[in-house]
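Inspection log for the structure reproduced underneath, given as structure tokens.
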Amino acid sequence: MKDEPNLVEMRDITKGFPGVLANDRVSFAARAGEIHALLGENGAGKSTLMSILTGLYRPDEGEIIVAGRRIELHSPRDAIRNGIGMVYQHFRLIPPFSVAENVILGLDAPRFLLNMPEIEKKVAALSESYGLRVDPKVKVWQLSVGEQQRVEIVKMLYRGARILILDEPTAVLTPQETRELFLTLRRMAGNGHAVIFITHKLHEVMEVADRITVLRGGRSVGTVEKKDTNPASLARMMVGREIPPAPSRSEGPRGEKILELQAVQAMSDKGLPALRGVSLTIRAGELLGIAGVSGNGQKELAEVVTGLRPVQAGRLYIKGKDLTNRSPKEIIEAGVSHVPEDRLGTGLIPNLGVLENVILKEYRRPPISRGPLLDRRAARERSEDLVRDFQVKVAYLDLPVKLLSGGNLQRLLLAREISAAPSLIVAVYPVRGLDIGATETVHNLLLQQKARGAAILLISEDLEEILHLSDRVAVMYEGEIQGVLPSSEARLEEIGLLMAGMKKEATTA
Amino acid sequence: MNKQSQLTLTLEKRLAPSRWISFLVPTISVAMALLFGAIFLLMTGHDPLKVYEIMAEGAFGSKYGLSETVVKSIPLMLTGLGVSIAFKMLLWNIGAEGQLYMGAFAASWVALSFPDASPGFLLSAMFLAGFLGGALWGLLPALPRAFLGVNEVITSLMLNYVAILWVDYLVYGPWKDPKGFNFPLTAPFTPSADLPTFFGTRIHLGLVVALAAAAILNVVLWRTRWGYEIRVIGESPAAARYAGMNIARNILLVMFLSGGLAGLAGMTEVAGITHRLQHGISPGYGYSAIIIAWLSKLSPGAVVLVSFLLGALLVGGYSIQSSGLPAATVSMLQGAILFFVLGSEILTKYRLVLVRRGERRAN
Ligand SMILES: Nc1ncnc2c1ncn2[C@@H]1O[C@H](COP(=O)(O)OP(=O)(O)OP(=O)(O)O)[C@@H](O)[C@H]1O
Ligand SMILES: [Mg+2]
């Protein structure tokens, strides 16, 4: 494979945005038949580099060469014409349309008459040959996130993409789905595609990549063969320093009961039972981790606790006060912070600036509010403090937050939620998409809050993260708590069994 | 390396709409609409330059014309501001026309019922009634929207017909002036119900009210807690809920205010211009308000400016009627403007770039 020619090459790419140089003379090449991982901390410039390759942005300098020819890309259409396709982290599918309809959406041919059965057959054959199980006739809204991702991949293959880019594809997948995705990627490489794959998880890189290119601060640190490297040295390349050992969980004193759920039942968005009698308690200074395959009621649990979803039966107490079916505002005022799964859209408002996002929960209270007025100077000071204390990298405070990198977004969100000195923090997939350094920061912040005496409800699909941070682990399966274990006693296999629905007898909540 | 390149124009997606483009776009759209109108005029055998000259002359050429342009811009400003504030929260209030009529009705009721009240009291009561009339009418579609999720586009539109026909019923029926030669109008209001006018023209106190409303709205939107809530809800209802904002209450409040502003337009028309309630008090101000809201990108300051321009278009339209052209030309131009605004919207999201498209071979 070493002698394979480069299928795509980017030379000395430079791209600046107001206030940052996102790519600084970056060179990058991928060969036919390889899986090439692109690694780097949040804000290193990975998405920018790939957006240039897909024609979304134009580079300030540098050139792109595909199959030996220098090309100019003006739009994603141009890119597809040159065989370059990208699967974004936020899917671009139309939910009421069927899979096959989504696949042909935006294609020039066929121009007039659609022969749907024919197209469905082609789509089915294509997904079959790459092991992408998905029914072409089914509507997209009925699909799980993992299945939707498969549709995106099929879409690109249907358009004849030979160079396939996936931006953090595993961040939204269950471990099982991740394994299947890797098999698909292998098969694509085997068929002579070049697969470029962005991730933050080093073990995935070691599992699936052939070569790895590392970006740091907008520059390329280098490209290495997988067989010549190891996770520690990759981490060093990414961060530019030794990674300190992970913070360890400390046993602090436990205080009063902060959160108590008694046999809570709630419905999902589709009107089906999502929580079927969940009971749990968390004390001050305690971190309870909720493990489970996503889609087993975790999202609904977080929303019930934060007042965003009505409770059908059962009770919710916060610091001993009955807050069942109270408004989100009352629950915020009771000292509950929430780091939601949907950061951009729920936790943060994409088109508003950093400052206006910082005051999202504080705007009702002095000093930000003065009577009916907003004190913009106070808001500015507050934002400057948070940005400094939590090291959020922003060029200026009016920058719309949709332009921040994933890591910086999460930092900003956590900064706002933690700075309110909450009694309870509900954190949902808080490190999804974050690099090692940012993950460490988030974990440290959560542990500091715990040490300060906050109760923390952590929802994650990463078992290692949960075991590492939690005092106790509760496993959810089909809307029920299967069991609660002290994490010191919990073993992976046991949790795995509970996650699969094999209930343990006689556990204490 | 065989170097050969040519320059081409392409569209590139903008990261954030630039400030001057939001000023440029309406200007371009108006120019395009005038061009479109010119073609139409040519085809119907008129000299477009001549027609536009008559229009400009009529709207700006004399003290009278200019003052009439201002007079027309007053109800446009008030309804335009009302529509803008609702649109800001993604509430598609198409009902400004009906809200204007209900404001006019309520104010007229006050004027006709208390003819002997002192001018200060009477006008204050009429302002209050006008505002409330429009506001309550605006609240009607807001209630099902806030509590049942019923789309307000259809309901607010339908209520226009109800309001217009209600006023017609009154002026053709119970409120008809017995001394009015059977015209569909009420008896004239008592002079105490006349709005003060300025400079010996028909420009009335409504101008001050409209300008003050624009200034206040600007402050409300950008400097107050409530304005912040409106902007957050408009941008992302999920985030607003997450932050504990009461969306239903804000829907009611904003539609109340939106309708109230349109109601004020109705009040200032009857108290400042017609001095009675009559059939057809508005030539569609409430619909033009939608165009104004779009053209001004929901910014109160821009609403004032755009209303003035549309007012000029209306006044210019009256003056070309004398040259044998139907006044409908003006409606057509308005429609064309809206069409081009929406079309040129693309320029605020993309930008034209000059690129070198080359056939250069690597290596
Ligand atoms: N459209 C934009 N406007 C301004 N700045 C931008 C824009 N897009 C990216 N940036 C900045 O460029 C830098 C690189 O961002 P990029 O999204 O490429 O990082 P990344 O490596 O993909 O990070 P992450 O792992 O967090 O997704 C960041 O500092 C980011 O804030
Ligand atoms: Mg990225």
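The values are calculated or read from the model by the stated rules, or taken from the named source; none is laboratory data. Note that the coordinates shown come from a computational prediction; the quantities given were computed from them, not determined experimentally. Positions of Cβ are generated from backbone atoms using ideal geometry, with glycine treated the same way; all protein chains shown enter the neighbour counts. Surface areas here come from the heavy atoms of the whole protein model, side chains and all, with no ligands, DNA or RNA. Shrake-Rupley method; radii C 1.70, N 1.55, O 1.52, S 1.80 Å.
Quick notes
- Put a plus charge on the Cβ of each Lys and Arg, a minus charge on the Cβ of each Asp and Glu, and nothing anywhere else: the dipole of the protein assembly as shown about its Cα centre is then about 940 debye.
- Most tightly packed first, judged by the mean number of other beta-carbon atoms within 10 Å of their residues, the peptides A:160-167, B:206-213, A:486-493 read A:160-167, B:206-213, A:486-493.
- Each label was represented as a point 7 Å from its Cα along the Cα-to-Cβ direction; for B:Leu165 and B:Ile28 these points are 4.4 nm apart.
- Rounded to 10°, Cα long-axis angle of helix A:406-419 versus longest principal axis of chain A: 10
- Across the cross-link table entries A:Lys329/A:Lys361; B:Lys72/B:Lys179; A:Lys201/A:Lys402; A:Lys270/A:Lys321; A:Lys15/A:Lys155; A:Lys15/A:Lys402, which are compared at the Cα atoms, the separations over 21 Å belong to B:Lys72/B:Lys179; A:Lys201/A:Lys402; A:Lys270/A:Lys321; A:Lys15/A:Lys155.
- Beta-bridge orientation, segment A:165-228: approximately 65 percent antiparallel, per DSSP, counting only bridges with both partners inside.
- Residues of segment A:286-316 with amide N under 12 Å of a point placed 7 Å along Cα→Cβ from A:Arg326: A:306-307, A:316
- Taken as entire DSSP H runs, the helices of chain B that both span 18 Å or more between Cα atoms along their own long axis and average 0.0 or more on the Kyte-Doolittle scale are B:21-43, B:63-88, B:96-113, B:119-148, B:152-172, B:206-223, B:247-269, B:300-321, B:328-349.
- Accessible surface buried at the B:A interface totals approximately 3200 Å², computed with a 1.4 Å probe on protein heavy atoms.
- Folded to 0 to 90 degrees: helix A:116-129 orientation relative to chain A principal axis, Cα: 80
- Projected label distance in nm at A:Ala500 and A:Arg187, using a 7 Å step from Cα toward the beta-carbon: 2.4
- Computed per residue of chain A from DSSP H runs no shorter than four, each worth -39500 (n - 2.57), the mean residue ellipticity at 222 nm is -9000 deg cm²/dmol.
- Accessible area in square angstrom per residue, chain A, 1.4 angstrom probe: 42
- Cα gyration tensor category, rounded, prolate or oblate, for segment A:323-380 with a/c compared to 1.5: oblate
- Per residue Cα convex hull volume in Å³ - calculated over the protein assembly as shown: 206
- In terms of the mean number of neighbouring beta-carbon atoms within 10 Å, the peptides A:458-471, A:259-272, B:64-77 order highest first as B:64-77, A:458-471, A:259-272.
- Principal-axis tilt of helix A:175-190 within chain A, Cα atoms, nearest 10 degrees: 10
- Considering only B:Asn246, B:Asn160, B:Asn93, the Gaussian network model of chain B with Cα springs below 10 Å gives its largest mean-square fluctuation to B:Asn246.
- Shape of chain B, Cα gyration tensor, a/c cut at 1.5: oblate
- For segment B:53-297, the solvent-accessible area of protein heavy atoms averages 39 Å² per residue (probe radius 1.4 Å; ligands and nucleic acids excluded).
- Rounded to the nearest 0.05, the FRET efficiency derived from the C-beta distance between A:Lys122 and A:Glu207 at R0 = 45 Å is 0.90.
- The residues A:Glu34, A:Glu494, sorted by heavy-atom accessible surface at 1.4 Å with ligands and nucleic acids left out, run A:Glu494, A:Glu34 from largest to smallest.
- Normalised by 2.2 N^0.38 Å, where N is the number of residues, the alpha-carbon radius of gyration of segment B:70-163 equals 1.18.
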